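Novice: Input: one structure, supplied below.
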Amino acid sequence: MSNAHLLWPAQRGLIRIEGPDARAFLQGIVSNDVNKVSQARAVYAALLTPQGKYLHDFFIAEFTGALWLDCEAARRDDLLRRLTRFKLRSKVAVAPGPESHAVALIYGGGAVAALGLGSERGAARPFAGGLVYADPRLAEIGVRAILPPSAGPALAALGIAPGDPLDYEKQRILNGLPDGSRDLEIEKSILLENGFEELGGVDWYKGCYMGQELTARTHYRALIKKRLVPVEVEGPAPASGTPILADGAEVGVMRSAVDGLGLALLKTEALNGAAPLVAGGATLRPRKPDWMKSAG
């Protein structure tokens, strides 16, 4: 039996993309290689401005002959509008996911093994009338799924019990994973400052996509000057957007926080600096996650 837990997060929504041109349509506009998506593999990707700044991030999976995007529910209509704008004459249908399925999160010890998923990044397989896949950013955070509500008993039979959103949030922050527009500034954030390379959200060999030039230049010229990292928070949790100071100089900005933990976008020189970091009335201590390869 596993120690995994189940959530049905209302803040996540689905988009269904189908038609003979569906794969080619997405391939030309998102940051990852859509040709790697199959019934056995899902990927993480982003939609950028032409200047290479963040607009949306999402997960792409293949199920029932279509490509499905797991995205922010509150911003799904904006993503639909932007995707529809790129359709032109492509033979593709872009629509909200049907109410018959929803996003599920299975997290905690043994989640990936309990669902019989392999070791490949984003490994996926059909399950209980839907699809389950290891989180393609970081398998340690668990499994994501597109499932009908009727899948609950099948998950319970594997020892997967109802979870607590706060527990998942703490694991997400400890692992340094951004949560869409809560942690990434629309039309401002740069993917590589927020871990998209290490977290598998960018493919360097797929060919052109919108915003590729800045993303590639940042990578190949080593222009990363800031990093989104977990921080321990001692004191009252600073609101998102609170400036972070070291010896009175601004060195970063606070993102999401919960229960003594948070995410902060910090200048790389501040990560290993001797000066204490403060935000509002709190002191912050950065914690570089194991997956991060270039954090100062």
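The values are calculated or read from the model by the stated rules, or taken from the named source; none is laboratory data. Computed from a prediction, not measured in an experiment: that's the story for all the values here. Because the Cβ atoms are built from the backbone with ideal geometry, glycine has one as well, and the counts that use them run over all protein chains shown.
Novice: For the stretch 48-66, does any single residue satisfy the condition of being aromatic (Phe, Trp, Tyr), farther than 23 Å from Asp183 by Cα and touching a residue at least 12 places away in the same chain (Cβ under 8 Å)?
Specialist: Pass one, the stretch 48-66, residues aromatic (Phe, Trp, Tyr): 54, 58-59, 63.
After this cut, where a residue has to be farther than 23 Å from Asp183 by Cα as well, the list is 63.
Restricting the remaining residues to those that are touching a residue at least 12 places away in the same chain (Cβ under 8 Å) gives 63.
The answer is yes, given that some residue of the stretch 48-66 is aromatic (Phe, Trp, Tyr), farther than 23 Å from Asp183 by Cα and touching a residue at least 12 places away in the same chain (Cβ under 8 Å).
Novice: Please go through (1) without any contact (Cβ under 8 Å) to a residue 24 or more places away in the chain; (2) buried (at least 22 other Cβ atoms within 10 Å of the Cβ) for Trp204 and return the number of the only condition it doesn't satisfy.
Specialist: Exception for Trp204: condition (2).
Novice: Does Val43 satisfy being among the β-branched types (Val, Ile, Thr), buried (at least 19 other Cβ atoms within 10 Å of the Cβ), closer than 11 Å to Leu14 by Cα and touching a residue at least 60 places away in the same chain (Cβ under 8 Å)?
Specialist: On the way: among the β-branched types (Val, Ile, Thr): yes; buried (at least 19 other Cβ atoms within 10 Å of the Cβ): yes; closer than 11 Å to Leu14 by Cα: no; touching a residue at least 60 places away in the same chain (Cβ under 8 Å): yes.
In short, no.
Novice: Looking only at the stretch 239-258, filter to residues that are without any contact (Cβ under 8 Å) to a residue 24 or more places away in the chain and hydrophobic (A, V, I, L, M, F, W, C); which one of those is surrounded by the fewest Cβ atoms within 10 Å (Cβ to Cβ)? Step through it out loud before you land on a result.
Specialist: Start the filter on the stretch 239-258 by keeping residues that are without any contact (Cβ under 8 Å) to a residue 24 or more places away in the chain, which leaves 241, 248-250, 253.
Retained after the next criterion (residues that are hydrophobic (A, V, I, L, M, F, W, C)): 249, 253.
Numbers: Ala249: 11, Val253: 18.
Among those that are without any contact (Cβ under 8 Å) to a residue 24 or more places away in the chain and hydrophobic (A, V, I, L, M, F, W, C), it is Ala249.
Novice: Only one of Gly116, Gly159, Gly108, Gly129 is touching a His at 6+ places or on another chain (Cβ under 6 Å) and on the phi > 0 side of the Ramachandran plot; which? Break it down into steps so the answer makes sense when it comes.
Specialist: On the way: Gly116 fails: touching a His at 6+ places or on another chain (Cβ under 6 Å); Gly159 fails: touching a His at 6+ places or on another chain (Cβ under 6 Å); Gly129 fails: touching a His at 6+ places or on another chain (Cβ under 6 Å).
One residue alone meets the criteria, Gly108.
Novice: Hey, another quick one. Quick check on my filter: what residues within the stretch 1-28 are surrounded by fewer than 19 Cβ atoms within 10 Å (Cβ to Cβ), in contact (Cβ under 8 Å) with a residue 60 or more places away in the chain, touching a strand residue (DSSP E or B) at 6+ places or on another chain (Cβ under 9 Å) and over 23 Å from Tyr107 (Cα atoms)?
Specialist: Across the stretch 1-28, the qualifying residues are Glu18, Gly19.
Novice: Right, here's the next one. Can you run down the residue pairs with Cβ atoms below 7 Å, 6 or more apart or on separate chains, where the first is in the stretch 215-233 and modelled with pLDDT of 90 or more and the partner is of a type in the set (Ser, Thr, Tyr) and surrounded by 22 or more Cβ atoms within 10 Å (Cβ to Cβ)?
Specialist: Correct list of pairs: Thr215/Ser31.
Novice: Of Leu266, Leu284, Leu261, which residue is surrounded by 12 or more Cβ atoms within 10 Å (Cβ to Cβ), within 26 Å of Asp167 (Cα to Cα), touching a residue at least 60 places away in the same chain (Cβ under 8 Å) and not acidic (Asp, Glu)? So that I can check it myself, show each step before the final result.
Specialist: On the way: Leu266 fails: touching a residue at least 60 places away in the same chain (Cβ under 8 Å); Leu284 fails: touching a residue at least 60 places away in the same chain (Cβ under 8 Å).
Every option except Leu261 fails the conditions.
Novice: A follow-up question, please. Which of the residues belonging to the stretch 95-127 are surrounded by fewer than 19 Cβ atoms within 10 Å (Cβ to Cβ) and hydrophobic (A, V, I, L, M, F, W, C)?
Specialist: Ala95, Ala113
Novice: Take the stretch 83-94 and flag every residue that is among the charged types (D, E, K, R), assigned to a helix (DSSP H, G or I) and surrounded by 14 or more Cβ atoms within 10 Å (Cβ to Cβ). Give the derivation first.
Specialist: First pass over the stretch 83-94, keeping only residues among the charged types (D, E, K, R): 85, 87, 89, 91.
Still in the list and also assigned to a helix (DSSP H, G or I): 85.
Selection gives nothing.
Novice: What residue, among those in the stretch 155-201 that are acidic (Asp, Glu) and surrounded by 14 or more Cβ atoms within 10 Å (Cβ to Cβ), is farthest from His56 (Cα to Cα)? Let's see the steps before the verdict.
Specialist: So in the stretch 155-201, the residues acidic (Asp, Glu) come out as 164, 167, 169, 179, 183, 185, 187, 193, 197-198.
Right, trim to surrounded by 14 or more Cβ atoms within 10 Å (Cβ to Cβ) and you get 167, 169, 179, 183, 185, 193, 197-198.
On the way: Asp167: 25, Glu169: 20, Asp179: 11, Asp183: 11, Glu185: 10, Glu193: 15, Glu197: 16, Glu198: 18 Å.
The residue in question is Asp167.
Novice: State yes or no: is Lys87 at pLDDT below 95 and out of contact with any Ser or Thr (no Cβ under 6 Å at 6 or more places or on another chain)?
Specialist: Working: at pLDDT below 95: yes; out of contact with any Ser or Thr (no Cβ under 6 Å at 6 or more places or on another chain): yes.
Spelling it out, Lys87 is indeed at pLDDT below 95 and out of contact with any Ser or Thr (no Cβ under 6 Å at 6 or more places or on another chain).
Novice: Moving on. What number of residues in the stretch 207-232 are surrounded by fewer than 17 Cβ atoms within 10 Å (Cβ to Cβ), small (Gly, Ala, Ser) and out of contact with any helix residue (DSSP H, G or I) (no Cβ under 8 Å at 6 or more places or on another chain)?
Specialist: Residues flagged as surrounded by fewer than 17 Cβ atoms within 10 Å (Cβ to Cβ), small (Gly, Ala, Ser) and out of contact with any helix residue (DSSP H, G or I) (no Cβ under 8 Å at 6 or more places or on another chain) within the stretch 207-232 amount to 2.
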